[in-house]
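Notes follow once the structure below has been shown.
The values are calculated or read from the model by the stated rules, or taken from the named source; none is laboratory data. It should be emphasised that the depicted structure is a prediction, and the values quoted were computed from it without experimental measurement. Neighbour counts are summed over all protein chains in view; Cβ atoms, including those assigned to glycine, are modelled from backbone coordinates with ideal geometry. Each accessible area value is taken on the protein alone, full model and side chains, heavy atoms only, with ligands, DNA and RNA left out. Shrake-Rupley method; radii C 1.70, N 1.55, O 1.52, S 1.80 Å.
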Amino acid sequence: MRVSGLLPTPYSLLPIRHSPFATRYSPQPALPFPPTPRHTPGTGGTPAPGEGVLTTFLLILHGLCAVALLGGLTHQAVAVLIPARATGGFTTAYRAVSAARFTNANIILYLVTFILGSVIYPPYRMAVRTWIERARLWWVSGLFEYKEQALAIGLAMLPFFWLMWRDPKDGETATARKWTTVILCLIVWYSFVAGHIVNNVRGLFGT
């Protein structure tokens, strides 16, 4: 005996057929921009006021550290990739800095930025990524997935990065020193751009 019924979903009612042996249904495609659910602790959605303020503050601090890291690594990479041979205008002066002086600062900034990103990652995972996936913006989710992998690789490179810059006058490690710096710089640039794209698409706890 078959009985016709309705299965409620968050966005529509889907007709299904019931039988004693099996249930058949066709999943409804997600809406392009699903509404934000009400917030309950640990489930995402609209946060409590205090939680939202703290997350926003940490996100801004994370962004400021990322900008400082981006500037420091770019400066160091340019100085080692195309070093200045003489003094001159702005571009020459930009390349004429001592690249070795940026090493410790860049390592500290990378670690601080990484830790801050790890702290605000759970709100992203619960409130932002779920929205992106329900909206089927797979390319946005993919950008952030690649960012996570790239930053993990960069974190593992930091000890080698420090080792290569411990003696900047060592000619035998010049090539490794140069390309390690360039790769780290590219990782930070990609992560910075990808993070801003994700933030602009959804925004933490936006509507």
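The figures follow:
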| quantity | calculated |
| --- | --- |
| Members of the stretch 157-200 that are of a type in the set (D, E, K, R) and assigned to a loop (DSSP other than H, G, I, E, B) | ARG166, ASP167, LYS169, ASP170 |
| Criterion (of a type in the set (A, V, I, L, M), touching a residue at least 24 places away in the same chain (Cβ under 8 Å) and within 18 Å of VAL97 (Cα to Cα)) met by exactly one of VAL182, VAL188 | VAL182 |
| Subset tally (residues that are surrounded by 14 or more Cβ atoms within 10 Å (Cβ to Cβ) and over 22 Å from THR56 (Cα atoms)) for the stretch 138-153 | 1 |
| Check on ILE16, out of contact with any Pro (no Cβ under 8 Å at 6 or more places or on another chain), assigned to a strand (DSSP E or B) and either modelled with pLDDT under 85 or under 26 Å from THR173 (Cβ atoms) (or both) | yes |
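Condition check ((1) of a type in the set (A, V, I, L, M); (2) at pLDDT below 90; (3) on the phi < 0 side of the Ramachandran plot) across all residues:
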position	(1), (2), (3)
TYR146	no, no, yes
ALA156	yes, no, yes
ASP167	no, yes, yes
CYS185	no, no, yes
HIS196	no, yes, yes
ARG202	no, yes, yes
PHE205	no, yes, no
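Here's the yes/no breakdown for (1) part of a helix (DSSP H, G or I); (2) in contact with a Ser or Thr (Cβ under 8 Å, 6 or more places away or on another chain); (3) open to solvent by less than 60 Å² (accessible area, probe 1.4 Å):
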| position | (1), (2), (3) |
| --- | --- |
| LEU64 | yes, no, no |
| GLN76 | yes, yes, yes |
| ALA79 | yes, yes, yes |
| ASN106 | yes, no, yes |
| LEU109 | yes, no, yes |
| PHE114 | yes, no, no |
| PRO123 | yes, yes, yes |
| THR130 | yes, no, yes |
| ARG136 | no, no, no |
